[in-house]
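Take a look at the structure set out below.
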Amino acid sequence: MIACGCRVCTSPYSKDKRLRSSVMIESATTRIVVDTTPDFRYQMLRTETKTLDAIIYTHPHKDHIAGLDDVRAYNFFSGNPMDIYANYLTEEALRRDFYYAFEDKRYPGIPELNMHTITDSDFMVGDILVQPISVWHLRMPVLGFRFGNFVYITDANRIDENEKSKIRGAEVIVLNALRKEKHISHFNLEEAVALVQELEIPTAWFTHISHQMGLHSEVNETLPKGIALAHDGLQFDVKNPSV
Ligand SMILES: [Zn+2]
Ligand SMILES: [Zn+2]
């Protein structure tokens, strides 16, 4: 990304420096990453993530799939293919964009993938129960996910009423909020705050933030209790959430 010279792009504070949106879910025995962004390789190096059990995809936009090739490193270490989970739309894009990983005669050293198709049904990855939530990104169906008391939703601007029932009762949500101004396919700040309040989620972190949002510290001061902008490297335990 080219720094545009705005106050966010030139800010010296680490919380104003954002890589693409992704999240890692860990239990005692299982580690999942949601989406392989163009920054996936660096995100895994930065967090010293030596093992990874599965990747789950939200949707096929390039900022959420582009880093898939770098799962090769996990193939080398584990000796196993990487389990990847995607809906039909994302699976189609992965098979197109990373065609060489799906050919019968494959070149040595390419990613080894084990594709699983996500439907409406809940599924298990190791000991983690994953509940898909269908949300809208303009006209594209995108998957959000509920993991126990934690919900992760990115790249949405609308959620149908019946899907909202899958979110209610969660302790913590990470939700996309792009900027203050309205956007055609992302919640803006006001819409994201309203949704968190409507669904009565006690703790919310906003992600997929544009530099147009403004400085992290200044925007946070304006947000209601329990709601804050997320930042790169943020970690929390869903049993003990705090903002
Ligand atoms: Zn998107
Ligand atoms: Zn995106």
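The values are calculated or read from the model by the stated rules, or taken from the named source; none is laboratory data. Fair warning: this is a prediction, and the values are worked out from it, not measured in the lab. Please note: Cβ atoms are built from the backbone with ideal geometry, for glycine as well, and neighbour counts cover all protein chains shown. Please note that ligands, DNA and RNA were not included when accessible areas were found on the heavy atoms of the full protein model with its side chains. Shrake-Rupley method; radii C 1.70, N 1.55, O 1.52, S 1.80 Å.
Values for this structure:
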| read-out | value |
| --- | --- |
| Test: residue in region 83-96 that is free of Cβ contacts under 8 Å to residues at least 24 places away in the same chain and either open to solvent by 20 Å² or more (accessible area, probe 1.4 Å) or touching a helix residue (DSSP H, G or I) at 6+ places or on another chain (Cβ under 8 Å) (or both) | yes |
| From the options H211, H183, residue that is in contact with a Cys (Cβ under 9 Å, 6 or more places away or on another chain) and more than 27 Å from R31 (Cβ to Cβ) | H211 |
| Any hit, region 75-85, residues being in the same structural domain as A101 (by TED's automatic domain parsing), assigned to a loop (DSSP other than H, G, I, E, B) and under 18 Å from the mean Cα position of the chain (by Cα) | no |
| Some residue of region 185-194 being part of a loop (DSSP other than H, G, I, E, B) and away from ligand 2 (no atom under 16 Å from the Cβ) | no |
| The lone exception for H61 - which of (1) open to solvent by less than 50 Å² (accessible area, probe 1.4 Å); (2) of a type outside the set (K, R); (3) within 16 Å of ligand 1 (Cβ to nearest atom) it fails | (1) |
| Filtered residue count, region 1-46, keeping only those that are within 22 Å of V172 (Cα to Cα), open to solvent by 60 Å² or more (accessible area, probe 1.4 Å) and assigned to a loop (DSSP other than H, G, I, E, B) | 4 |
| Count of residues meeting criterion [assigned to a loop (DSSP other than H, G, I, E, B) and more than 16 Å from ligand 2 (Cβ to nearest atom)] in region 47-66 | 7 |
| Residues within region 156-178 that are over 19 Å from G214 (Cα atoms), assigned to a loop (DSSP other than H, G, I, E, B) and either open to solvent by 10 Å² or more (accessible area, probe 1.4 Å) or touching a residue at least 60 places away in the same chain (Cβ under 8 Å) (or both), tallied | 8 |
| Sole exception among (1) under 20 Å from H64 (Cα atoms); (2) within 17 Å of the chain's Cα centre (by Cα) for H183, by number | (2) |
| All positions within region 103-147 that are of a type in the set (A, V, I, L, M), over 16 Å from E161 (Cα atoms) and more than 16 Å from ligand 2 (Cβ to nearest atom) | I110, L113, M115, I118, M124, V125, I128, L129, V130 |
| Count of residues meeting criterion [more than 20 Å from V238 (Cα to Cα) and of a type outside the set (S, T, N, Q)] in region 9-34 | 9 |
